[in-house]
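Below: the structure, in structure tokens.
The values are calculated or read from the model by the stated rules, or taken from the named source; none is laboratory data. This structure is a prediction, so every number in the text was calculated from the model and none was measured. For neighbour counting, all protein chains shown are included, and Cβ atoms are generated from backbone atoms with ideal geometry for every residue, glycine included. The area values use the complete protein model at the heavy-atom level, side chains included, leaving out ligands, DNA and RNA. Shrake-Rupley method; radii C 1.70, N 1.55, O 1.52, S 1.80 Å.
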Amino acid sequence: MAGYNNIKITPPRWLLAELTYACPLQCPYCSNPLDYAKYQSELSTDDWKRVLTEARKMGAVQLGFSGGEPLTRQDLPELVRHARELGYYSNLITSGYGLTEDKIIELKQAGLDHIQVSIQASSQELNDHLAGTSSYFHKKEVAHLVKKHGYPMVLCVVIHRENIHQMPQILAMAEELEADYLELANTQYYGWAHANRDLLLPTQEQFKAAEQIAQAYKEKVAGKMKIYYVVPDFYEDRPKACMNGWGTTFLTIAPDGVALPCHSARDLPGLDCPDVKAFSIEQIWNESKAFNFFRGQDWMQEPCRSCDEKDKDFGGCRCQAYLLTGDMYGADPVCAKSPDHHVIEQAIASAEATAKMTVTEKPLIFRNSKNSRKFSTENS
């Protein structure tokens with residue numbers, strides 16, 4: 001199948017179903033849009049079933065149920081059951097808040113394959129502060145219940161300056177919870193995390209120290225627990241291969257039905273992201289302007305166009321390029337070859353300066369509807 005510019009299109013393999021933006025937590029690094037309160041409508045159960053069916057028919061095999069908090073959708077077990085009938089490998093990406101033993105049993109009977117639980121920190125005080133909700137002990141209880149009912153215990157902790165000093169305690173907590181997999185996901189600076197970057201971005205010294213602790217712990221628990229350490233690309237000299245290449249592997253459906261090549265793509269201008277209520281998944285994937293926009297390499301400017309690494313990183317992240325420079329066609333400024341790499345250096349310097357302050361007048365902005373409406377008004 002060829003799209004724009006006669007580029008051979010491969011089928012989607014990974015479907016991220018963002019069922020809702022509703023969430024009982026208020027994390028200041030949430031990846032949901034800053035103006036999420038604008039998007040009040042959610043796809044119906046029947047619409048989601050059609051999306052799952054059409055994407056599976058095209059070849060999608062991995063399915064993530066995400067949000068917000070997907071547990072707030074009362075039809076989650078029904079959607080899980082439909083996914084099982086279609087042959088997906090399904091993963092629930094959850095804060096764990098509101099997940100009971102009865103619900104775990106119901107989801108397992110429906111055919112859910114995998115549950116990933118997030119915890120904000122290793123201590124109750126910091127976890128509950130970052131979550132904006134008293135949730136620490138419930139999350140730990142959920143982790144034990146997930147293990148009890150035969151699931152691999154998959155734990156995710158988003159790492160940033162507020163909790164990076166707890167790295168030894170976070171690793172010990174994962175071992176206590178008998179985690180089979182631990183994802184130490186250094187914050188990616190989009191959405192709410194970008195708004196809070198000066199307060200969340202660790203210093204290079206903090207990052208290196210934490211990475212050494214995590215790598216050493218890998219050896220200690222080898223054969224018992226797998227640790228995935230997701231490096232913050234601000235401290236890399238080459239960008240990440242975002243989404244394995246635009247429109248090649250990943251398909252995200254937002255709660256209101258907008259189809260996205262990545263979860264942040266609706267912020268890019270001029271993409272005209274299609275709606276699943278108006279188009280089929282096949283039309284969206286193969287024919288839409290949005291999914292063909294950065295396919296291939298014809299869109300690339302220098303230095304990406306002549307770079308011998310463009311087949312590895314695809315020019316980096318388009319959303320990050322736009323967010324940091326205003327030019328979505330430019331090289332991802334994370335790359336040392338980018339003419340805008342100084343933007344990253346300035347961001348690091350700003351975070352370093354903030355980290356040295358004993359008191360800062362700039363508080364964390366927590367994700368909540370009040371702040372979202374503020375951002376929506378500012379961006380209108």
Q: Any chance you could run the full-extension gain for Glu178 through Ser123? It's 0.36 nm times the residue separation minus the Cα-Cα distance, nm to one decimal.
A: 18.1 nm
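Of Thr203, Thr100, which has the most accessible area with a 1.4 Å probe, and how do the rest follow in descending order? Working shown, then result.
Working: Thr203 15, Thr100 70 Å².
In descending accessible area the options line up as Thr100, Thr203.
In region 213-252, which trypsin sites (Lys or Arg not before Pro) fall in coil by DSSP and have 10 or fewer other Cβ atoms within 10 Å?
Passing both the DSSP loop test and the Cβ count: Lys224.
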Q: Quick one: which residues, 5 or more positions from Asn186 or on another chain, have an amide H under 5 Å from its amide H? H modelled 1.01 Å from N in the peptide plane, none for Pro or chain starts.
A: Ile159, Val230
Q) Between Tyr229 and Tyr329, what length comes free when the chain is fully extended (0.36 nm per residue of separation minus the Cα-Cα distance, one decimal in nm)? A) 33.1 nm
Q | Antiparallel DSSP beta bridges within the chain, percent to nearest 5 | A | 10 percent
Q: Might you report the magnitude of the Cβ-based charge dipole of the chain about its Cα centre, with Lys and Arg at +1 and Asp and Glu at -1, to the nearest 20 debye?
A: 420 debye
Q.
For the pairs Lys277/Lys310; Lys108/Lys226; Lys289/Lys312; Lys8/Lys312, flag any whose C-alpha to C-alpha distance is greater than 27 Å.
A. Lys277/Lys310
**Q.** Tally of Lys pairs whose C-alpha atoms are under 17 Å apart, taken over region 129-222, 8 or more apart or cross-chain
**A.** 4
Q) Say each of Lys374 and His341 gets a label point 7 Å from the Cα, pointing the same way as Cα to Cβ; how far apart are those two points in nm? A) 3.6 nm
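Normalised by the number of residues in region 291-363, what is the relative contact order in percent for Cα pairs under 8 Å and 6+ residues apart?
On the way: 60 pairs, mean separation 14.4, N = 73.
Dividing the mean separation by the residue count of region 291-363 yields 20 percent.
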Q. For the chain, what relative contact order do you get, as a whole percent, if you take Cα pairs closer than 8 Å and at least 6 residues apart?
A. 21 percent
Q: Quick one: dipole size for region 56-185, taken about the Cα centre, charges +1 on Lys/Arg Cβ and -1 on Asp/Glu Cβ, in debye to the nearest 20.
A: 420 debye
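Determine the calculated [θ] at 222 nm for the chain from helices alone, applying -39500 (n - 2.57) to every DSSP H run no shorter than 4 residues and normalising by the residue count; nearest 500 deg cm²/dmol. It would help to have the intermediate numbers written out before the result.
Working: 15 runs with 141 residues, N = 380.
It comes out at -10500 deg cm²/dmol, rounded to the nearest 500.
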